[in-house]
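Everything below concerns the one structure shown next.
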Amino acid sequence: MHEWALAESVVKTVGLNKELKGKKISIIIGELQDINLEIFEFALNELIKDRKLEMNYCVVVEDAVFKCNNCGFEFSMKEVTKKDKMEKENIHFIPEMVKVFVKCPNCASVDFEIIRGRGIKISYE
Amino acid sequence: MNNVFDPREYVISDRLAEIKKIILVSGFKGGVGKSLVSVFAAIAIARKGYKTGLLDLDITSSTDDIILGVKEIYPSEDKGLIPPVFEGIRFMSFSFFSMSKPIALRGNSVVDAIKELLCVTLWGELDFLVVDMPPGFGDTFFEVMRLFKKFRVVCVYTPSPLSKKILNKILPLIKTTDIEVVKIENMSKISGKGRLRYDKNVDAAIGDIKRIMNLVLYKDVVSNLNLIVGQKI
């Protein structure tokens, strides 16, 4: 249920930033965050109602892409899918933990960058 | 994508709002005993009845869980992560999420991981939060300075001239009017204010609170507790 904590951070950001008011915003959720979208949107709508905010938003899930700092190989989460429930849970809480449980499929290095699909961010155009 | 906001930034101050005092235990040089001082201070503060938190931010080399001897505890979830309580201390560490496996992170990932943990951790009301900092004067320290805003820094050093020189180089950079700084000499040959004696029995007591509390080092932390927290407790 830490989806509530993330929803709260979104609502507070929108409430505090004038440039976001009245805009259509995209809430981008990284694949690594692996949040329950139903709970997240429920929490978001409850908080919007509670704080009497107007928020025109859409939620977009961004696939995770990694690039190995050792060999330059780019890979996706699908190529290194985790089956262990606890490992998935730990990445869900702290996306950087992917570097504990995943290695580059090409050279087995643990030194890789998360290029996309890490966590939560808000954008507007 | 024209404009991007990191929403975690906006909620961290709320997460820390009910903490009366934050104490960063640093020292900038490795091996000076920051983790031992952090954990022993948290135990001593909690045993005086204060609401105490302990946060291990030494991401790549977390050891507070080993010193405390925590086993089979994990944060619980309720609109965020609630630190488990161990010996009266609300304890949070990256070791919970790494399942005690090594964490290899570059600087930008360290900063992201710290922000994530601070964004989702619900400390609630605390009298003191003791933060065990990693060695060095880099990403973690600057990010914590930026996000915590108000805190006291306990600089742990040893009688080694290398440790003293590093500390004396860095101190002028962090001493500002808003930051309280105190120096504590660990592995000291003598006892007294701001000094913690060398204790050869520490290693054998790791992971055992009862044995820890019989250590000379623990007793010296207790007698220096007012200096560490910056007030009479």
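Laboratory data are not the source of any read-out in this text; all were calculated from the coordinates shown. Here the structure is a predicted model, which means the values were calculated and not measured. Ideal geometry is used to build each Cβ from the backbone, glycine not excepted, and the neighbour counts take in all protein chains shown.
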For chain B, with +1 on Lys and Arg beta carbons and -1 on Asp and Glu, the positive-most of B:PRO172, B:VAL39, B:GLY138 along the dipole: B:PRO172
Distance histogram for segment B:102-207 (every C-alpha pair counted, 10 angstrom bins, percent rounded to whole numbers): 11, 35, 35, 18, 0
Angle in degrees between helix B:139-148 and the longest Cα principal axis of chain B, rounded to the nearest 10: 80 degrees
Helix A:37-50 axis, angle to chain A major axis (alpha carbon atoms, nearest 10°): 30 degrees
Principal axis dimensions, the protein assembly as shown - Cα atoms, whole angstrom, descending: 64, 50, 39
DSSP-defined antiparallel bridges as percent of all bridges, chain B, nearest 5: 15 percent
Cleavage-rule hits (GluC sites (Glu not before Pro)) in segment A:25-96: DSSP loop, at most 10 neighbouring Cβ within 10 angstrom: A:GLU54
Distance (nanometres) between label positions extended 7 Å along Cα→Cβ at B:LYS48 and B:GLU125: 1.9 nm
Cα-only Debye scattering, chain B: base-10 log of I(q)/I(0) at q = 0.11, 0.15, 0.16, 0.18 Å⁻¹: -0.52, -1.01, -1.17, -1.52
Total charge dipole magnitude, chain B, about the Cα centre, Cβ charges on Lys, Arg, Asp, Glu only, Debye to nearest 20: 1140 debye
Candidates A:MET77, A:MET86, A:MET97, ranked by Gaussian network fluctuation over chain A, Cα under 10 Å, top entry: A:MET86
Signed unit charges on C-beta, dipole axis of chain B, positive-most listed residue B:ALA204, B:VAL4, B:PHE94: B:ALA204
Alpha-carbon spread of segment B:47-118, three principal axes, descending order, Å: 38, 28, 21
Stretch gain in nm, segment B:ILE174-B:PHE137, where the contour uses 0.36 nm per residue and the Cα spacing is subtracted: 12.3 nm
Computed lengthening from A:VAL80 to A:ASN45, 0.36 nm per intervening residue step minus Cα-Cα distance: 9.2 nm
Cα pair distances exceeding 18 angstrom across segment B:79-132, given as percent: 38 percent
Within straight-line cross-link reach of B:LYS193, aspartates and glutamates at Cα separation under 13 Å, skipping those fewer than 8 residues along the same chain: B:GLU185, B:ASP220
Cα pair distances of segment B:16-69 binned at 10 Å [whole percent]: 21, 55, 23, 1
Fraction of antiparallel bridges per DSSP, the protein assembly as shown only, in percent to nearest 5: 35 percent
Karplus-derived 3J(HN,Hα), 6.51/-1.76/1.60, for each residue of segment B:40-48, Hz, glycine and proline x: 5, 5, 4, 4, 5, 5, 4, 6, 8
Computed [θ] at 222 nm, helices only, for chain B once each DSSP H run of length n ≥ 4 contributes -39500 (n - 2.57): -10500 deg cm²/dmol
